[in-house]
Amino acid sequence: MARGYEYQEALWREFVENGKGRLFLAMYRDEIIGGLICLMFGGKCLAMHMGTPYKYQKLQTYYAYVWESIKWAKMAGCTGIVSEE
């Protein structure tokens, strides 16, 4: 993890537990191989902390969890998507 456990826990409590964030995971052969966490701010969705281990890069999991996050953000009323990358 690029950030410590305390940071991740605070992020989870502040956003996900309050319905203003969501974790998206990519699965392959019953194993989690990538993920993305999205947070909502004033009608916008921030896509952050995404990643997939190198050995699974060819599966292009990025497209699956980004697409699912866009659908979630639209259903939640967001009018814009922002990526930290």
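If a residue has to be farther than 15 Å from Arg22 by Cα and not hydroxyl-bearing (Ser, Thr, Tyr) to count, how many in the stretch 52-77 make the cut?
Residues flagged as farther than 15 Å from Arg22 by Cα and not hydroxyl-bearing (Ser, Thr, Tyr) within the stretch 52-77 amount to 6.
Starting from the stretch 50-62, take each residue that is under 15 Å from Glu31 (Cβ atoms) and list its partners that are open to solvent by 60 Å² or more (accessible area, probe 1.4 Å) and not β-branched (Val, Ile, Thr), counting only C-beta distances under 8 angstrom and pairs at least six apart or across chains.
Correct list of pairs: Thr52/Leu59; Thr52/Tyr62; Tyr56/Tyr28; Leu59/Tyr28; Thr61/Tyr28.
Please indicate, with yes or no, whether at least one residue in the stretch 14-23 is within 15 Å of Ser69 (Cα to Cα) and more than 15 Å from the chain's Cα centre (by Cα).
Within the stretch 14-23, not a single residue is within 15 Å of Ser69 (Cα to Cα) and more than 15 Å from the chain's Cα centre (by Cα).
Show me the strands (runs of 3 or more DSSP E) found entirely inside the chain where at least 1 residues are surrounded by 12 or more Cβ atoms within 10 Å (Cβ to Cβ) and either modelled with pLDDT of 90 or more or in contact with a Gly (Cβ under 6 Å, 6 or more places away or on another chain) (or both).
21-28, 31-41, 44-51
Could you list all residues from the stretch 9-49 that are in contact (Cβ under 8 Å) with a residue 24 or more places away in the chain, farther than 18 Å from Cys78 by Cα and not hydroxyl-bearing (Ser, Thr, Tyr)?
Scanning the stretch 9-49 gives Leu11, Leu25, Ala26, Ile33, Gly34, Gly35, His49.
The values are calculated or read from the model by the stated rules, or taken from the named source; none is laboratory data. All values derive from a computational prediction rather than experimental measurement. Quick reminder, even Gly has a Cβ in these numbers, built from the backbone with ideal geometry, and neighbours come from all protein chains shown. For the accessible areas, the whole protein counts, side chains as well, though only heavy atoms, and no ligand, DNA or RNA atoms are used. Shrake-Rupley method; radii C 1.70, N 1.55, O 1.52, S 1.80 Å.
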